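The next block holds one structure in the form of structure tokens; read it before the comments.
The values are calculated or read from the model by the stated rules, or taken from the named source; none is laboratory data. None of these values were measured; they are calculated from a predicted model. Glycine gets a Cβ as well: all are built from the backbone with ideal geometry, and neighbour counts include every protein chain shown. With ligands, DNA and RNA removed, areas are computed over all heavy atoms of the protein, side chains included. Shrake-Rupley method; radii C 1.70, N 1.55, O 1.52, S 1.80 Å.
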Amino acid sequence: MKIVIFGSTVMTAKVCRLLKEEHDIVGYIPSVKPNFPGDMSEFKRIRQLPEDYDIKLSIQFDRKIKKLENAFNLHTGILGDWGGCDILYHTLKSGHHEQGLTFHGLTSEYDYGPIISKVTYPVFTDDTPVTLYERMLNITPGFCTTALRTLENIGLDRVSECHQVKPRIFKRKVDIDPGGLEEYKQTYYRIYERLKLLGEINE
């Protein structure tokens, strides 16, 4: 399958490195301000969609994709309960025991579209945003590979028949308890420093 990638985070890079073993990564359109910039140097950076590709795949892309035909998203939460932003933060704050990933078709509505595949992973009582992010990061490439195999199996012509569910949307910073705002701000820095230590951040 010929894939155009939207995004340029650490997660995007890790997924692309595995996907290239089975698919043709035609090129990638980078995020404007990726939270955790990844090393995408082995892939072709492009400014606009090429003529020849099969699907578009958004992985932590920070802009809205306008051309939605054959466009898909790798969402870092289980839809429809966990749409929007800061999913790991809210997962830990609410005391949930699992979280997951969703691969779905893109529509004009945020985190809403035909669901191709989901996977869950455990959340332990001693988890922090850093340990949970690492778990998610390690699971994501394999899940995306499996989701694409599922997509190939059902065919692009049947995507619209897949189940859709209206998501609960968490807005960035809006749904944060004011008393926990400082802790929330530290979450980003702690993950960033961990990824930097692991050599994943592209500075």
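Taking the 0 to 90 degree range and rounding to the nearest ten, how far is the long axis of helix 129-154 tilted relative to the main principal axis of the chain, both from C-alpha atoms?
Helix 129-154 and the main axis of the chain meet at about 20 degrees.
Once you charge only the Cβ atoms, +1 for Lys and Arg and -1 for Asp and Glu, what is the size of the charge dipole of segment 94-163 about its Cα centre, to the nearest 20 debye?
160
How high is the relative contact order of the chain? Use alpha-carbon pairs under 8 Å, at least six apart in sequence, and give a whole percent.
Computed value for the chain: 22 percent relative contact order.
Considering only protein heavy atoms, what is the solvent-accessible area of Tyr189 at a probe of 1.4 Å, reported in Å² to the nearest 10?
130
Please provide three numbers in whole Å: the alpha-carbon extents of segment 60-203 along the principal axes, with the largest listed first.
Between the extreme Cα coordinates on each principal axis of segment 60-203 lie 46, 32, 31 Å.
Which residues does the label zone of Leu198 cover in segment 116-143, counting backbone N under 19 Å from a point 7 Å along Cα→Cβ?
Only 119-143 fall inside the zone, counting backbone N under 19 Å.
A 27 angstrom limit on the alpha carbon distance is what I want to check against. Which of Lys66/Lys93; Lys20/Lys166; Lys56/Lys196; Lys66/Lys171 exceed it?
Cα-Cα > 27 Å for Lys66/Lys93; Lys20/Lys166; Lys56/Lys196; rest within.
Figure the gain on full extension for Asp126 and Leu156 (residue separation times 0.36 nm, minus the Cα-Cα span) and round it to one decimal in nm.
Taking 0.36 nm per residue and subtracting the Cα distance, the gain is 6.7 nm.
In whole Å, how far is the Cα centre of segment 109-149 from that of segment 21-60?
Measuring centre to centre over Cα atoms gives 20 Å.
Check cross-link reach from Lys67 to the aspartates and glutamates: straight Cα distance under 16 Å, and skip same-chain residues fewer than eight apart.
Glu51, Asp52, Asp54, Glu109, Asp111
Quick one: accessible surface of Asp81, probe radius 1.4 Å, all protein chains present, in square angstrom to the nearest 10.
Spelled out: Asp81, probe radius 1.4 Å, area about 100 Å².
Return the tail of the calculated pair distribution for segment 4-78, meaning the percent of Cα-Cα pairs more than 14 Å apart.
Counting every Cα pair in segment 4-78, those more than 14 Å apart make up 57 percent.
Starting from the Kirkwood Rh over alpha-carbon pairs, what translational D in µm² s⁻¹ does segment 134-200 have by Stokes-Einstein at 4 °C and 1.567 mPa s?
The Stokes-Einstein estimate is 82 µm²/s.
Consider a paramagnetic label point 7 Å from the Cα of Ile169 along Cα→Cβ; state which residues of segment 81-107 have an amide N under 11 Å from it.
What the label zone holds, given the 11 Å backbone N cut-off, is 83-85.
Per the Kirkwood treatment, what hydrodynamic radius in Å, one decimal, follows for segment 28-130 from the mean inverse distance over all distinct Cα pairs? Walk me through the numbers on the way to the answer.
Details: mean 1/r = 0.0654 Å⁻¹.
One decimal place: 15.3 Å for the Kirkwood radius.
Separation between the Ile139 and Thr107 pseudo-spin-labels, each 7 Å from Cα along Cα→Cβ, expressed in nm?
Going from the Ile139 label point to the Thr107 one covers 2.5 nm.
Assuming R0 = 22 Å, can you tell me the calculated FRET efficiency for the pair Glu69 and Thr146, based on Cβ-Cβ distance, to the nearest 0.05?
0.40
Would you work out the charge dipole size for the chain about its Cα centre, treating the Cβ of every Lys and Arg as +1 and the Cβ of every Asp and Glu as -1, and quote it to the nearest 20 debye?
480
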